[in-house]
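Everything below concerns the one structure shown next.
Every read-out reported here was derived from the displayed coordinates using simple, explicitly stated rules and does not represent laboratory data. It should be emphasised that the depicted structure is a prediction, and the values quoted were computed from it without experimental measurement. Quick reminder, even Gly has a Cβ in these numbers, built from the backbone with ideal geometry, and neighbours come from all protein chains shown.
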Amino acid sequence: MVTLHRESDDFDAIAMNLSTAFLALLFVCHTSWADVPTRNVDIDHFTKQQINWLYAVDLSEGQTQVRVKLASSNLISALVIWNSQGERLYPQVDASTYFDDHGVTNNLHRMRSLLSTAQPTAWERQDVYSQALLHCRSDGLLLCVQLNTDVLSADLNLSRDMLLQRLFPSKKTSNPSLWLLALMAMITMAVLALFLFRSKPTQQYASSSPCPEPKTEPATASRLRMGDMIINPRQMTIQRQQLSAPISPRDLKLLNCFCQRPDEVISKDELYNIGWGRDFMPSSRALEQHILNLRRKIDPERSRPILIETVHGQGYRFPSDSSRSS
């Protein structure tokens, strides 16, 4: 048996708060997802600022200026530049090979392949441990640089893992925000469904004819008779031959309904409305359990005529003749 004890206003507030939380989470997740297609825009912009000086260098006058600049940089460890015809401008083909050039001259084929995918930039891990990153650009110059991963992450004020995740988002890794969003959506939908389901019986009851209330308050009402049973609203008791038992306010409401409408089948929905009002779960068996307990009060030994009869599939009724025994 499940009953709903919260006031309807409290329930509405919970549903509203959950809906608001769901919308807020949706906004956060949308912001996170919106960052994925442009995951490295800020990184690209920062990297271009670090190599902007290359666009002003005249390589035809020699490579000394480039080598001096690279020697003072902790971020860029190696560099290769091509012209629009694919000819290598730096390091020059016919020049002596410097030790620092080995990082690119030994990977020229790999860098050309990466450059062909640049639109206008492309990134790749230099090694399995991501100690260095390869970055190629095709916006004005055709170049590839080898960057120190730790220096780049520090300059961007990002952790190393965050930097790598933004540059190389894993398609196999589940987005925790997605799981959280799905969970929140399920909870919100369940609460809203419960709210709508709870509201449905209220609309049904509005069109039904409720049982008449006693003409006076229970404390001053006259006695009611139900077959061979006397109901005393003032004392909140029932008396049946030698049997006397206390009853609850809900018992009194249900018994009064049966007394007012003898021999009439009263639906479960209407009895729910009389006994519980809006504070009940339509899918619960509260009514069935309450009728069972009420029958035990008025006939604990099951030896007296039946006063509350079950009409299967419809509800309950009080047979006014009450001549049958259980």
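Observations on the model:
- Per-peptide average of other Cβ atoms within 10 Å, ordering 153-160, 241-248 highest first: 153-160, 241-248
- Low-density loop cleavage sites - chymotrypsin sites (Phe, Trp or Tyr not before Pro) in region 64-147, where at most 16 other Cβ are within 10 Å (DSSP): Tyr98, Tyr129
- Here the contact order of region 41-167, divided by its residue count and restricted to Cα pairs under 8 Å and six or more residues apart, works out to 23 percent.
- Most to least packed among 142-150, 69-77, 256-264 [average Cβ atoms within 10 Å]: 142-150, 256-264, 69-77
- Neighbours of Leu142 by Cβ distance under 12 Å: Lys/Arg scored +1, Asp/Glu scored -1, total +1.
- In plain terms, the residue of Glu288, Glu87, Glu124 with the fewest other Cβ atoms within 10 Å comes first and the most crowded comes last, giving Glu87, Glu288, Glu124.
- Residue order, fewest to most beta carbons within 10 Å, for His45, His135: His45, His135
- The largest-to-smallest principal axis extents of the Cα set in region 41-167 are 40, 29, 27 Å.
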